[in-house]
Ligand code: ADP
């Protein structure tokens with residue numbers, strides 16, 4: 001059985017995590033942030049070290065270990081009873097992050113909608129990431145060169161995921177709005193498609 005899935009999509013700093021956390025508190029929705037799964041690894045774990053090596057340079061972790069870790073995590077969440085695939089809608093944030101990952105997950109997730117949190121203003125994204133560096137203790141947000149590399153990785157590797165799913169599934173959401181208005185725009189679609 002494939003997981004019923006909504007994707008939160010957008011550049012680093014576009015607000016995927018903020019929205020995912022809120023939406024994940026609604027009954028029958030389960031939020032899974034791939035970045036958080038990586039950050040919960042420890043440094044004595046080999047993949048934890050690989051994650052640090054890549055994320056500190058603004059690059060993506062290779063696809064195979066990423067997808068394997070994600071699968072293990074979602075299975076663990078199911079075993080613990082936090083995620084119930086029969087009942088819950090999965091809100092994915094930060095995965096799939098390139099078309100190859102989308103292909104690898106094709107038989108596992110049934111993507112119903114893609115919420116594209118678009119932010120044409122690069123300086124706004126950079127500002128948000130720099131603020132987050134201190135608030136959330138994120139090393140990869142602390143350095144301007146790394147931020148630039150991440151934004152470039154997003155443009156080059158991640159954005160083509162939108163074409164993978166096609167225009168019928170993609171909803172454009174203006175992420176320069178305040179979080180409450182972004183939430184409202186997402187909820188309008190979620191409420192309509194759930195009924
Ligand atoms: P952001 O969206 O702000 O860049 P994330 O927390 O989603 O932050 O990701 C942080 C880092 O974790 C990424 O820059 C990347 O190195 C790694 N990462 C997260 N998700 C993936 C993924 N699906 N594939 C490869 N690397 C990932």
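The values are calculated or read from the model by the stated rules, or taken from the named source; none is laboratory data. Keep in mind that this is a model prediction, so the values were computed, not measured. Note that each Cβ is placed from the backbone with ideal geometry, even for glycine, and that neighbours are counted across all protein chains shown.
Descriptive notes on the structure:
- Tally, over region 1-18, of residues that are within 12 Å of the ligand (Cβ to nearest atom), within 23 Å of residue 163 (Cβ to Cβ) and not in a strand (DSSP E or B): 6
- Candidates 97, 128: the one that is within 10 Å of the ligand (Cβ to nearest atom) and modelled with pLDDT under 95 is 128.
- Unique match (being closer than 21 Å to residue 90 by Cβ and touching a strand residue (DSSP E or B) at 6+ places or on another chain (Cβ under 8 Å)) among 29, 38: 29
- Each residue in region 140-168 was checked for being closer than 15 Å to residue 96 by Cβ and over 17 Å from the mean Cα position of the chain (by Cα), and 1 pass.
- Of the residues making up region 171-184, those that are surrounded by fewer than 17 Cβ atoms within 10 Å (Cβ to Cβ) and outside any helix (DSSP H, G or I) are 172, 174, 176, 177, 178.
- Residues that are outside any loop (DSSP other than H, G, I, E, B) and away from the ligand (no atom under 12 Å from the Cβ) were ranked within region 40-65; the one that is nearest to residue 126 (Cα to Cα) is 49.
- For region 155-170, filtered to residues that are within 15 Å of the ligand (Cβ to nearest atom) and assigned to a loop (DSSP other than H, G, I, E, B), the residue that is farthest from residue 187 (Cα to Cα) is 160.
- Some residue of region 38-49 being within 15 Å of the chain's Cα centre (by Cα), modelled with pLDDT of 95 or more and within 27 Å of residue 175 (Cβ to Cβ): yes
- So residue 30, is it surrounded by 17 or more Cβ atoms within 10 Å (Cβ to Cβ), within 30 Å of residue 187 (Cβ to Cβ), away from the ligand (no atom under 15 Å from the Cβ) and free of Cβ contacts under 8 Å to residues at least 60 places away in the same chain: no
- Residue 68, sole failed condition from (1) surrounded by fewer than 18 Cβ atoms within 10 Å (Cβ to Cβ); (2) more than 15 Å from the chain's Cα centre (by Cα); (3) in contact (Cβ under 8 Å) with a residue 24 or more places away in the chain; (4) more than 11 Å from the ligand (Cβ to nearest atom): (3)
- Residue check, residue 152 closer than 26 Å to residue 191 by Cα and surrounded by fewer than 16 Cβ atoms within 10 Å (Cβ to Cβ): no
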